[in-house]
2 protein chains.
Amino acid sequence: MYKKSATDLTKLPAEKVKNWINSFDTVLADCDGVLWIYNDAIEGSANVINKFKGLGKKVYFVTNNSTKTRPEFLEKALRLGFNMTQDEIISTAYVAAQYLKNRNFDKKVYVVGSTGITKELDAVGIQHTGVGPDVLQTSLHHFVNHDFKLEDGIGAVIVGFDEHFSFPKMAKAASYLNDPNCLFIGTNTDERFPMPGYVVPGSGSILRSVEVCSERKAVVMGKPNPFVCEELLKDPTIKPERTLMIGDRCNTDILLGVNCGFQTLLVGTGIHKMNDVESWRAGDDEELKKLIPDVYLPKLGDLYSHM
Amino acid sequence: MYKKSATDLTKLPAEKVKNWINSFDTVLADCDGVLWIYNDAIEGSANVINKFKGLGKKVYFVTNNSTKTRPEFLEKALRLGFNMTQDEIISTAYVAAQYLKNRNFDKKVYVVGSTGITKELDAVGIQHTGVGPDVLQTSLHHFVNHDFKLEDGIGAVIVGFDEHFSFPKMAKAASYLNDPNCLFIGTNTDERFPMPGYVVPGSGSILRSVEVCSERKAVVMGKPNPFVCEELLKDPTIKPERTLMIGDRCNTDILLGVNCGFQTLLVGTGIHKMNDVESWRAGDDEELKKLIPDVYLPKLGDLYSHM
């Protein structure tokens, strides 16, 4: 309808916005930066999501955040006013656990990540190492000669967001991955989370370092990889052209939509804004032009008055 | 003379080897994997290096290792029997300090690395942060809201080998680099050091993670960047075509030689072996074909009987 035009919906007549709302039956929504920021709901997002459901649309929540389990996401969403069920949540820790379960994986997983990942592995009965700090206690020389203990039976390495990421974890992950039969899974490739005055690194920066020292490429579970909604797309009632992907980060959310043939809506409450889109449109980089959304809203809640 | 033929010198007649030795006046030798492995000299390497000098050749030692200062390298080299002076040592920590000094840098450096870097900065009077462990003591939430202290006056980030590399260091480096005026220096891009049974990550894997979360590319000091021997090549008596680069890692040492128009010798006592070279020759990847050395020796000491 507005393919790659980045049309600002707030500047369209009400009837056109209503027609646009009628052009999709399924909604995939990113969470951080679209529905909430940390522990605060973004104003109006819950109203719009709940109204989509009231209009009979299917709604799914697709997040690259690997630090929570589906039940933990559900608890947060309900608390913030989103009418959601656990089956509607697609998170990268969950998808990683499903990936291994579907392959009848029966070894142990070395986890660079958080309890979001280990609890999802527990839920499907897959063994794993612990999470938390793993720091060099002595010298490098002592570490490699004495403290560097590799566990037996590791058959996969999962790398997600890990605020305790450290040199010993890099060394262990790369050492396990030296076995070409060891599976290598990355939850997502989000580079970073810019904050006012500082930067929080994302899983993507952790994953790249493990890829470099292991000299291998991970299978990435999260957006923009269509793998994240592979199960969903097996449902014959979900038509890509009548599916809307809503996101705040173009190189994950919007690109997932492009990769799957969905309609795309960028909201300006997170990473990318309209001026990013305009700079890609003005530039010559075809890869960046792929990231241009069909439509744009300053915030998702702006849609509510049209529903 | 044997351009990119990877000729095994041990299979040539003695006279041809002598002619080859006469084809260069200057020698650039990598250290780890060529002269020594950790604290042990590689058999025969010191004899050959010292004999090169006896034959009147200029010899320089070019190492990507950022963990030692030039005086520390010298102490080690003398202990292992190499006839060396400090002026002949070109190390990446030293080059990084020179790089800043030559720009009249008068701010402070945030260092992800070791005392190899901070002592070289001290030697040229440049201020810097400390090195060593910097780990998340509490939760991520507490870290970003309370513990995350950025220092004033940081004008450069140097990333080298750091066995205490951690998530807080990534976050701080990326935050300083958010200022486009902050210089970004990487000592080297060596991916890893494979050992029997395990892998030690190299500076390259640390640097890549900082590049990803800062969304910037570092200026790299080390091999294969010709920058590392820029000063050397200002000496008009050093002719690239009569200069030999000796190394054990083709994507750093041999590629430096190729980038500078030097002759190249690969020795099989470190990272790359003759079977690597043969696989590149048999393949279609032009980038890998660039890594093929002119000549090959199982170990540098094999040359001694011809000198």
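The values are calculated or read from the model by the stated rules, or taken from the named source; none is laboratory data. Remember, it's a predicted structure, so these values are computed and weren't measured experimentally. FYI the Cβ positions are ideal-geometry reconstructions off the backbone, even for glycines, and counts take in every protein chain you see. Ligands, DNA and RNA are excluded from the accessible area calculation, which covers all protein heavy atoms including side chains. Shrake-Rupley method; radii C 1.70, N 1.55, O 1.52, S 1.80 Å.
Helical runs assigned H by DSSP (4 residues or longer) give the protein assembly as shown a calculated mean residue ellipticity at 222 nm of -8000 deg cm²/dmol, each run adding -39500 (n - 2.57) before division by the residue total. Taking 0.36 nm per residue of separation and subtracting the current Cα-Cα distance, fully stretching the chain between A:Leu150 and A:Asn19 would add 41.3 nm. A full extension of the chain between B:Arg103 and B:Asp87 corresponds to an added length of 3.6 nm, given 0.36 nm per residue minus the alpha carbon distance. With the simple model of a label 7 Å out from the Cα in the direction of the Cβ, A:Asp276 to B:Ser139 spans 2.7 nm.
Distant-in-sequence amide contacts of A:His128, defined by a placed amide H-H separation under 5 Å and a gap of 5 or more residues or a different chain, comprise A:Val109.
Taken residue by residue and averaged, Cβ atoms of other chains lying within 10 Å of the Cβ of A:131-142 number 3. Counting only alpha carbon atoms, the long axis of helix A:167-176 and the longest principal axis of chain A meet at about 80°.
Using the Cβ-Cβ distance between B:Glu43 and A:Glu215 with R0 set to 41 Å, the FRET efficiency works out to roughly 0.90. The Kirkwood radius of the protein assembly as shown, taken over pairs of alpha-carbon atoms, gives through the Stokes-Einstein law at 25 °C and 0.890 mPa s a diffusion coefficient of 92 µm² s⁻¹.
The rotation axis bringing chain B onto chain A passes closest to the chain B residue reported with its distance as B:Ser209, 2, by C-beta distance in whole Å. Dipole check for the stretch B:10-147: with +1 at the C-beta of Lys and Arg, -1 at the C-beta of Asp and Glu, and the Cα centre as origin, the magnitude is about 500 Debye. Cα centroids of the stretch B:80-148 and the stretch A:107-133: 36 Å apart.
Distances between equivalent label points of A:Glu278 across the copies, with each point positioned 7 Å along Cα→Cβ, amount to 6.1 nm, shortest listed first.
Once the 1.4 Å probe is applied to the protein heavy atoms, the stretch B:104-220 comes out at 38 Å² accessible per residue. With a 10 Å cut-off around each Cβ of B:148-155, the average count of Cβ atoms from other chains is 1. Once the C-beta distance of A:Lys234 and A:Met307 is scaled by a Förster radius of 25 Å, the resulting FRET efficiency is 0.30 to the nearest 0.05. Partner shielding of A:214-225 amounts to 1, given as the average count of beta-carbon atoms from other chains within 10 Å of each residue beta-carbon.
Give the shape of the stretch B:35-98 as rounded, prolate or oblate, defined through the alpha-carbon gyration tensor: a ≥ b ≥ c are the square roots of its eigenvalues, a/c under 1.5 means rounded, and otherwise the shape is prolate if a/b is larger than b/c and oblate if not. Oblate shape, in that a/c is at least 1.5 and b/c is the bigger or equal ratio. Distances between equivalent label points of A:Thr10 across the copies, with each point positioned 7 Å along Cα→Cβ, amount to 7.4 nm, shortest listed first. Here the dipole of the stretch B:104-220 is about 120 debye; that uses its Cα centre as origin and unit charges on the Cβ of Lys and Arg (positive) and Asp and Glu (negative). Which FRET efficiency, nearest 0.05, do B:Glu287 and A:Lys290 yield, Cβ-Cβ r, R0 30 Å? Efficiency computed from Cβ-Cβ geometry: 0.70.
Roughly what percent of Cα-Cα pairs across the stretch A:168-292 reach past 25 Å? Counting pairs separated by more than 25 Å, the tail of P(r) holds 38 percent.
Pairs of Lys residues in the stretch B:104-220 are counted when their Cα atoms are under 18 angstrom apart and they lie 8 or more places apart or on different chains; the count is 11.
Taking the empirical scaling 2.2 N^0.38 Å for compact globular proteins as reference, chain A has a Cα radius of gyration ratio of 1.05. Relative to the other identical copies, A:His142 shows label-point distances of 2.6 nm, where the label point lies 7 Å from Cα along the Cβ direction and values run shortest first.
Evaluated with a Cβ-only charge set (Lys, Arg +1; Asp, Glu -1), the protein assembly as shown carries a dipole of roughly 540 debye about its Cα centre, given to the nearest 20. Could you tell me which of B:Ser209, B:Leu121, B:Asn181 has its Cα farthest along the dipole of the stretch B:104-220 towards the positive end, charges placed at Cβ (Lys, Arg +1; Asp, Glu -1), taken about the Cα centre? Of the listed residues, the answer is B:Ser209.
Peptide packing: for B:42-50, A:101-109, the average count of neighbouring Cβ atoms within 10 Å per residue gives the ranking B:42-50, A:101-109, highest mean first.
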